[in-house]
Amino acid sequence: MHGVPKLPGSSDWPRHSGLLCHISSLPGLGGTGDLGPAAYQFLTQLSRAGQRAWQVLPIGPTGFGDSPYQTASVLGGNPLFISIERLIEDGLLPADITSMAPVESSEADFAAAQAYKWPLFERAFRKLVTDAQQASQRAEFLAFSERERDWLDDYALFMAIKEEQGLRPWIEWPLPLRDRQPSALSAASQRLSVRIDLHRFVQWQFERQWLALRKAATDLGIELIGDVPIFVAHDSVEVWSNPSQFLLHPDGQLQVQAGVPPDYFSKTGQLWGNPLYNWERMQADGFAFWRKRIQRAASLFDRVRIDHFRGFAAHWEIPAADRTAEFGRWVTAPGHALFEVLTTHPETRSVRFIAEDLGVITPDVEALRDRFGFPGIRVLQFGFGDDDFYDGRPWAFRKNLVAYSSTHDNATIVGWYRGEPEGTRSDEQARRERDKVHDYIGHVPSPGYAHFSLIRLVMSTAAETVIIPVQDVLGLGNVARMNTPGLPQGNWRFRLRSGQLDDGSLDHLRHITKLYARTQR
């Protein structure tokens, strides 16, 4: 694992801001955004706009539905984020190979990226192992494979077997493989050795490219903020290789499942389908599973957002057979014991956490967050309801806070301001909230300027950190939102077009950022 570099200005000037833009949302060829030229251009744009943070969504390998919150591995990287251009620069692919790339699409097309990139990964891997001129890179690859074998070996074997099994979930594999019988795993390791090495190679390339991008960010004084989902996907290497850490039946099926109760987003709640943790087992081994997760995140990011933080105080437990989340129950979780370990263990005690404390927040959640001094989260568009004394009003934002204009799970700030349909919000409620915004800022924004008026407002608050989704900087409506909770398809598609984030938007954002003392440059 790698140490955390010190960011210029990170300690002597705490007020700062940044943008939220997932890697898949970057422009370019190849179906989705990746870690190539557009990522470095985005860093340059962040710097020009005076921003000192770039937040992304979870970066693990995705499957059906393309959700970054349902990954085949919480420790691995998404192969689709590997830049073909960087493989060319490293001499592993010929320069003319990009002519085969899918043209730049207006939305992320994960299937097109999969079809385009995996044959090229195979070709690059053959080049690495057969070309005498690649000796130094081969040595680097072998060193990575040895250094990360604690998680990489299981991951590569899992993915190779999954391919052999037609991508079926592991609970549907032949019983010897499903149950990890040593003889079956040994036979699979020999039978699938080439594909296993290919998956190791792909993860090496992801990490190599990611760490290069992180260094470029650090050199510009920009921190990378990652996202750690509280739960892991049922069909993941972590559940397959550590079944005792989860509440499963002997055949691997769920005993209970995760989700959230009915709320603003859904009248029947959200049914996530993730397995819930066997917290008793985890606590008995000193939370080794969580130490590994957080240590891995710290090797890739400067700060770590913990998604669904309230689940560490109590989580919503739903019967496995249910098809809605209405009839669950709250079950207490050992969050205090877990974070006592994570904040004191030598390998994780330096991690800077952000607690995503949205949703049904009760005093026990606040006590857990405040005991460890974690900054919570406030979303500007939640601050204009009927409760004039809600601590999510802009005037009530605390200093130790990360404030957002919107998030990947919400309407964009313009979509919300206009009252575009979303959730259970009525037209009348939207009008009242819009009137309250006008009263708060003292004027009605001119047409086309509402997003910058609201960005000004969140930048002016006491919150030390402000994060603005890139859609809000561009003033885009709900057609550009990243995710609609409870909607099973059509999410995670938003993508920037080349040149869309133009100099005018960047310069205006820089002016606001400087005005509210969030940049040193």
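Computed from the coordinates by the stated procedures, all read-outs in this text should not be read as laboratory data. Keep in mind it's a predicted model, so treat the numbers as computed, not measured. Cβ sites come from the backbone with ideal geometry, for glycine too, and all protein chains shown count toward neighbours.
Figure the gain on full extension for ARG48 and GLU140 (residue separation times 0.36 nm, minus the Cα-Cα span) and round it to one decimal in nm.
Details: separation 92, 0.36 × 92 = 33.12 nm, distance 3.44 nm.
That works out to 29.7 nm of additional length.
In cubic angstrom, how much convex hull volume per residue do the alpha carbon atoms of the range 414-521 span? Display every interim value, and only then the final one.
Numbers: hull volume 14.3 nm³, N = 108.
It is 133 Å³ per residue.
So for VAL260, VAL304, fewest C-beta neighbours within 10 Å to most, what's the order? It would help to have the intermediate numbers written out before the result.
Details: VAL260 23, VAL304 20.
Lowest to highest Cβ neighbour count: VAL304, VAL260.
Taking 8 Å as the Cα distance limit and 6 or more residues as the minimum spacing, I'd like the relative contact order of the range 16-515 as a percentage.
18
Give me the percent of DSSP beta bridges within the chain that run antiparallel, rounded to the nearest 5. Walk me through the intermediate numbers first.
Values: 15 of 40 bridges.
Of the beta bridges lying entirely in the chain, close to 40 percent run antiparallel.
Give the long-range amide H neighbours of LEU57: residues separated by 5 or more places, or on another chain, with amide H under 5 Å away, using H modelled in the peptide plane at 1.01 Å from N.
Here the answer is HIS22, ILE23, since their amide H atoms fall under 5 Å of that of LEU57.
May I ask you to derive the FRET efficiency for VAL129 and GLN253 from their Cβ-Cβ distance with R0 = 35 Å, giving the value to the nearest 0.05? Write out the running numbers ahead of the final one.
On the way: r = 40 Å, r/R0 = 1.14.
That pair, VAL129 with GLN253, gives E of 0.30.
Which value in nm describes the separation of the simple spin-label points at ASP219 and LEU185, placed 7 Å from the Cα toward the beta carbon?
4.1
Could you pull out every residue, at least 5 positions away or on a different chain, whose amide H is within less than 5 Å of the one on THR71? Hs are placed 1.01 Å off N in the peptide plane, and Pro or chain starts have none.
Here the answer is ALA233, since their amide H atoms fall under 5 Å of that of THR71.
Give or take rounding to whole Å, what are the principal axis extents of the alpha carbon atoms in the range 194-323, in descending order?
The Cα atoms of the range 194-323 stretch 48, 42, 29 Å along the principal axes, largest first.
With N set to the residue count of the range 401-464, report its C-alpha Rg divided by 2.2 N^0.38 Å to two decimal places. It would help to have the intermediate numbers written out before the result.
Values: Rg = 12.0 Å, N = 64, 2.2 N^0.38 = 10.7 Å.
Here the Cα radius of gyration is 1.12 times the empirical estimate.
Quick check of the Kirkwood formula: for the range 300-395, what is the inverse mean of 1/r over all pairs of different Cα atoms, in Å? Walk me through the numbers on the way to the answer.
Values: mean 1/r = 0.0658 Å⁻¹.
Kirkwood hydrodynamic radius for the range 300-395: 15.2 Å.
Two-decimal Rg/Rh of the range 346-486 from alpha-carbon positions, Kirkwood Rh? Before the final figure, lay out each step's value.
On the way: Rg = 15.6 Å, Rh = 15.9 Å.
Value, to two decimals: 0.98.
Once each part is reduced to its C-alpha centroid, what is the distance from the range 78-136 to the range 167-238 in angstrom?
Centre-to-centre distance over Cα atoms comes out at 18 Å.
Which far-off residues, 5 or more places away or on another chain, put their amide H under 5 Å from the one on TYR404, with H placed in the peptide plane?
ARG378, VAL379, LEU380, ILE467
For every helix of n ≥ 4 consecutive DSSP H residues, a contribution of -39,500 (n - 2.57) applies; sum these over the chain, divide by its total residues, and give [θ] at 222 nm rounded to the nearest 500 deg cm²/dmol.
-11500 deg cm²/dmol
Under the classification rounded if a/c is under 1.5, otherwise prolate if a/b is larger than b/c and oblate if not, where does the range 91-215 fall, given a ≥ b ≥ c as square roots of the Cα gyration tensor eigenvalues? Show your work: numbers first, answer last.
Values: a/c = 1.98, a/b = 1.34, b/c = 1.48.
In terms of gyration-tensor shape, oblate.
Given +1 on the Cβ of Lys and Arg, -1 on the Cβ of Asp and Glu, and no further charges, what dipole in debye does the chain carry about its Cα centre, rounded to the nearest 20?
Working: 56 positive and 62 negative charges, 186 e Å.
Roughly 900 debye, rounded to the nearest 20.
Can you put TRP290, TRP330, TRP54 in order of Cβ neighbours within 10 angstrom, beginning with the fewest?
Working: TRP290 19, TRP330 16, TRP54 26.
If I rank by nearby Cβ atoms, fewest first, I get TRP330, TRP290, TRP54.
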